[in-house]
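Beneath this line is the structure, given in structure tokens, with notes to follow.
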Amino acid sequence: MLARLASLALRRRRLVFVVTVLGFAIAAAIASPAMKVLSAGGFEDPDAESSVAVDVLRDRFDTGDPNFVLLARAPEQVDSAEAAADGRALTDKLAGQNGVAEVTSYWAAGRATDLRSEDGRSALVLARLSGDDDQVLKAAKRIAPLVTGDQGVLEVKSGGRAEFNRQGSERITSDLTRAEGIAVPITILLLVLVFGSGIAALLPLAVAGVSVIGSLAVLRLLNEVTGVSIFAVNLSTALGLGLAIDYSLFIVSRYREELRRGLDTAAALRISLRTAGRTVIFSALTVLLSLSALLVFPLYFLRSFAYAGIAVVFFATLGAVVLLPALLAALGPRIDKFDILAKLRRRGPDAQSKKPEEGFWHRLATAVMRRPLPVLTVVLVALAIIVMPFTKASFGLPDDRALPKDMAAAQVGTATRSEFPSFAGQELKVVLPDTRPNDAALTAYAESLSKVSGIERVDTATGSFSSGTRAAPPAAGAAQLFTDGKGAWLSLTTGVEAYSEAGQDLVSGLRAIDPPSGTDVLVTGPAATYTDTLESLWSALPYAVLIIAVMTFILLFLFTGSVVMPVKAILLNLLSLTATYGAMVFVFQDGHLQWLVGDFTVTGRIDVTMPILMFCIIFGLSMDYEVFLLSRIKEEYDRTGDNRLAVAAGLESTGRIVTAAAGLLAIFFLALVSAGVTHVKMLGLGTALAIVMDALIIRGLLVPAFMRLAGRVNWWAPSPLRRLHDRIGFSHGPSPDADESPTPAPAAASTDAATPARKVMH
């Protein structure tokens, strides 16, 4: 396949260029509205008990949790005649908007006193916007400007889940634009330094354009049939640019290496695709499989990153093995044109005459392998110290506190938590969907629920209950509100923080209460959604880890013929990951280093989806670099049979490439730290830190130390697996044709299975 791709690049490059340009234009047209139509939601499990209860309440009882909140502040008291009149007008105005299914207001008939602040100067108006996430987002965008700002004497701000999603979506769009404005110019300058010429530096940008626009087009199309999170755009952009640089740098470096051996363009390109191109495809598979593990999670927020990652990897690989070779074939030896650093390099040692053992990475690997045990001990102790904060990690879901403090939704959320102790927006609902119990049974059940610690009041068709007794008779219309011909529901007021362990305990306590005989019970509300979401994530996580571990093991076994190398790679990747998690807890849960990463609200928890997302992304990128390194180590080991020489030579061949690629990718993720949304900030910092740690600490120190201690065991496999690899596994080395080498290849360079080096491997 790779030989055919090389021939396509050499003989049909104009066709490749034409098809690429047409495809890019079509994809750009499809992708252009992506930022406007993708959703900021997707943090709930649609099949969880709480989600099913939401559907029942909406479809059967025409009610549900309020998702749009107005905080109205009066100059003096909200009960003044002028403020009350403006409050009623605001309530009517909101209720009259299309898309508003339900409104509850302090100024409505019956005056819900828990919707007035303790100082009496603020009040809440709660609304439920109907529809799915996209419909709610559009409704909030249309309604919010009409009902906020100065409304008579009232100063009004909007919040709630709908506004968190809308304002968060808009902020992410602007943050991404700013991050690109920071990262792209820096990246272009560094590309010239890394690739060595102005022409070569443009090559990864061409591949990046294909991968980013192609993946955005895929997200835009998928959004027509399933929910897609706007947060996935961050991954499309960062990973698209990063993989384009990785793959382009690896292939271009091998292409230049073959040109320096004296080969012509055609021969150098064929060998580059057979070696570096094969490694790129294999590396892409590892990244793709790691990201595809996100598909096992029920939250479309996480699944969206799988869609983005799979699309990015596909288009980046396609660009690297089809478009890039065509560009190299067109450039030929002119790839080094516009080398603005040529004069500086000529003043130093001649790169052509510099021996491999004189290189930095060769000397580093040799130094590490002279003292592998001390190096391993020191590095592991240092990483263990970084990991320690992760042992006290506390997890939550993103809410308005993830937004910058100056945004309206964040300010409304803060005010409701501090000024409204019994905020009705945090209420729980218990649904009896299939059987309407008689009044006596319903009363007894309501009394039992009201005894649960944390429940302040229970309202249902038979009255209001508190601490196990009836506190008030049923309100007018309660029977029609709380029952239908088939079932019933109960409203539970609580002051317990929804996204907390106390909230989880409260939900567990409610679900432990025996319902009326013959009825099923569904509990919903913010605390129940939080509880069910955590349970869904923890239930799916082992499958995701198993998929990644098993597929990584199989792929690396096929790549190396060893069962030790895959285990080593998995363990070292997990080590760098947990160290990254420790750093993230230290910064975002404990609130340290805000002077460095920017201001954010410290909640004492970290978004539970971020470690899962980072696990799949970082594990894939780590395996990307692992494959690059192992390909050259294995090639050298097959040639010489010398483990120490192979490790040093492999690290010298790829150390600069991996470090440069990791640094360039880290720049873009670091630019995301400038974002105002906390979980985007966390994704950027955590991924950048893990990438740099993996490229420098893991590849530069731990891999040489481990492989020196393991010796020939590195390449061990049981006899049945060794025979299996001989049949279906991958061989390494260029295996050039006679006409592709300027001089006959030395005997030691053979990768034939009968050579002594091949036998030593086993």
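Using beta carbons and a limit of 8 Å, which pairs, at least six apart or on different chains, have the first residue in the stretch 646-675 and among the acidic types (Asp, Glu) and the second one crowded, with 24+ Cβ neighbours inside 10 Å?
652/365
Scanning for something farther than 30 Å from residue 679 by Cβ, modelled with pLDDT of 85 or more, buried (at least 19 other Cβ atoms within 10 Å of the Cβ) and of a type outside the set (Val, Ile, Thr), does the stretch 188-203 turn up at least one residue?
yes
Counting only residues that are within 25 Å of residue 434 (Cβ to Cβ) and either among the charged types (D, E, K, R) or more than 45 Å from the chain's Cα centre (by Cα) (or both), which one in the stretch 463-474 is surrounded by the fewest Cβ atoms within 10 Å (Cβ to Cβ)?
Just the residues of the stretch 463-474 that are within 25 Å of residue 434 (Cβ to Cβ), to begin with: 463-465, 474.
When the remaining residues are screened for being either among the charged types (D, E, K, R) or more than 45 Å from the chain's Cα centre (by Cα) (or both), the result is 463, 474.
Values: 463: 19, 474: 17.
Across the stretch 463-474, the extreme among qualifying residues is 474.
Considering the stretch 632-656 alone, what residues qualify as being among the aliphatic types (A, V, I, L, M) and in contact with a Phe, Trp or Tyr (Cβ under 6 Å, 6 or more places away or on another chain)? Spell out how you get there, then give the answer.
If we filter the stretch 632-656 for residues that are among the aliphatic types (A, V, I, L, M), which is where we start, we get 633, 645-649, 651.
Of everything in the stretch 632-656, those that are among the aliphatic types (A, V, I, L, M) and in contact with a Phe, Trp or Tyr (Cβ under 6 Å, 6 or more places away or on another chain) turn out to be 646, 651.
Based on this model, can you work out whether residue 86 counts as assigned to a loop (DSSP other than H, G, I, E, B) and either out of contact with any strand residue (DSSP E or B) (no Cβ under 9 Å at 6 or more places or on another chain) or not small (Gly, Ala, Ser) (or both)? Steps first, please.
Working: assigned to a loop (DSSP other than H, G, I, E, B): no; either out of contact with any strand residue (DSSP E or B) (no Cβ under 9 Å at 6 or more places or on another chain) or not small (Gly, Ala, Ser) (or both): yes.
No, not satisfied.
Is it true that some residue in the stretch 165-181 is within 30 Å of residue 132 (Cα to Cα), of a type in the set (Val, Ile, Thr) and outside any helix (DSSP H, G or I)?
no
Within the stretch 213-242, track down each residue that is among the hydrophobic types (A, V, I, L, M, F, W, C) and without any contact (Cβ under 8 Å) to a residue 60 or more places away in the chain.
If we filter the stretch 213-242 for residues that are among the hydrophobic types (A, V, I, L, M, F, W, C), which is where we start, we get 213, 216-219, 221-222, 225, 228, 230-233, 235, 238-239, 241.
The answer is 225, and nothing else.
Please specify each residue of the stretch 130-151 satisfying the condition of being part of a helix (DSSP H, G or I) and not aliphatic (A, V, I, L, M). Write out each step before concluding.
Taking the stretch 130-151 first, the residues part of a helix (DSSP H, G or I) are 133-147.
Hits for the stretch 130-151 are 133, 134, 135, 138, 141, 142, 145.
Please give the number of the condition residue 692 fails out of (1) farther than 30 Å from residue 40 by Cβ; (2) surrounded by fewer than 22 Cβ atoms within 10 Å (Cβ to Cβ).
The failed condition is (1).
For the stretch 285-304, how many residues meet the condition of being under 15 Å from residue 44 (Cα atoms) and part of a helix (DSSP H, G or I)?
Taking the stretch 285-304 and keeping what is under 15 Å from residue 44 (Cα atoms), we get 294-304.
Subset that is part of a helix (DSSP H, G or I): 294-296, 300-304.
Result for the stretch 285-304: 8.
Yes/no matrix, rows are residues, columns are (1) over 23 Å from residue 299 (Cα atoms); (2) touching a helix residue (DSSP H, G or I) at 6+ places or on another chain (Cβ under 9 Å); (3) of a type in the set (A, V, I, L, M):
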{"position": "495", "(1), (2), (3)": "yes, yes, no"}
{"position": "501", "(1), (2), (3)": "no, no, no"}
{"position": "514", "(1), (2), (3)": "yes, yes, no"}
{"position": "557", "(1), (2), (3)": "yes, yes, no"}
{"position": "561", "(1), (2), (3)": "yes, yes, no"}
{"position": "570", "(1), (2), (3)": "yes, yes, yes"}
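Does at least one position in the stretch 392-414 carry a residue that is surrounded by 21 or more Cβ atoms within 10 Å (Cβ to Cβ) and basic (Lys, Arg)?
no
Does residue 569 qualify as being more than 24 Å from the chain's Cα centre (by Cα) and closer than 30 Å to residue 253 by Cβ?
On the way: more than 24 Å from the chain's Cα centre (by Cα): no; closer than 30 Å to residue 253 by Cβ: yes.
The answer is no for residue 569.
For the list (1) farther than 30 Å from residue 402 by Cβ; (2) out of contact with any Asp or Glu (no Cβ under 9 Å at 6 or more places or on another chain); (3) modelled with pLDDT of 85 or more, I need the number of the one condition that residue 11 fails.
Tallying (1) farther than 30 Å from residue 402 by Cβ; (2) out of contact with any Asp or Glu (no Cβ under 9 Å at 6 or more places or on another chain); (3) modelled with pLDDT of 85 or more, residue 11 fails exactly one: (3).
Pick out, from the stretch 500-592, the helices (runs of 4 or more DSSP H) lying fully within it that include 1 or more residues that are touching a Lys or Arg at 6+ places or on another chain (Cβ under 9 Å). I'd like the intermediate steps shown before the answer.
On the way: elements: 501-512, 526-560, 564-584.
Answer list for the stretch 500-592: 526-560, 564-584.
For residue 605, are the conditions met, namely being touching a Ser or Thr at 6+ places or on another chain (Cβ under 7 Å) and either at positive phi or at pLDDT 85 or above (or both)?
Spelling it out, residue 605 is indeed touching a Ser or Thr at 6+ places or on another chain (Cβ under 7 Å) and either at positive phi or at pLDDT 85 or above (or both).
Has the stretch 39-58 got at least one residue that is in contact with a helix residue (DSSP H, G or I) (Cβ under 6 Å, 6 or more places away or on another chain), of a type outside the set (Asp, Glu) and closer than 30 Å to residue 479 by Cβ?
Among the residues of the stretch 39-58, at least one is in contact with a helix residue (DSSP H, G or I) (Cβ under 6 Å, 6 or more places away or on another chain), of a type outside the set (Asp, Glu) and closer than 30 Å to residue 479 by Cβ, which makes the answer yes.
Only one of 65, 47 is touching a residue at least 12 places away in the same chain (Cβ under 8 Å) and buried (at least 17 other Cβ atoms within 10 Å of the Cβ). Can you tell me which?
65
Name the single residue that is farthest from residue 494 (Cα to Cα) among those in the stretch 453-482 being free of Cβ contacts under 8 Å to residues at least 24 places away in the same chain and of a type in the set (S, T, N, Q).
480
Name the pairs: first residue in the stretch 710-727 and in the same structural domain as residue 638 (by TED's automatic domain parsing), second residue surrounded by fewer than 11 Cβ atoms within 10 Å (Cβ to Cβ) and of a type in the set (D, E, K, R), Cβ to Cβ under 6 Å, at least 6 apart or on different chains?
From the stretch 710-727, no pairs qualify.
Kindly indicate the residue of the stretch 543-600 that is without any contact (Cβ under 8 Å) to a residue 12 or more places away in the chain and not hydrophobic (A, V, I, L, M, F, W, C) and also surrounded by the most Cβ atoms within 10 Å (Cβ to Cβ) among those meeting that condition.
592
For residue 633, indicate whether it is at negative phi, touching a strand residue (DSSP E or B) at 6+ places or on another chain (Cβ under 8 Å) and buried (at least 22 other Cβ atoms within 10 Å of the Cβ).
On the way: at negative phi: yes; touching a strand residue (DSSP E or B) at 6+ places or on another chain (Cβ under 8 Å): no; buried (at least 22 other Cβ atoms within 10 Å of the Cβ): yes.
Here the answer is no, as residue 633 does not meet what is asked.
Please state which one of 367, 308, 316 is assigned to a helix (DSSP H, G or I), farther than 18 Å from residue 245 by Cβ and either out of contact with any strand residue (DSSP E or B) (no Cβ under 6 Å at 6 or more places or on another chain) or modelled with pLDDT under 85 (or both).
On the way: 308 fails: farther than 18 Å from residue 245 by Cβ; 316 fails: farther than 18 Å from residue 245 by Cβ.
Criteria check complete, one pass: 367.
The values are calculated or read from the model by the stated rules, or taken from the named source; none is laboratory data. None of the values given here were measured: they were computed from a predicted structure. Cβ coordinates were reconstructed from backbone atoms using ideal geometry, including for glycine residues, and neighbour counts include every protein chain displayed.
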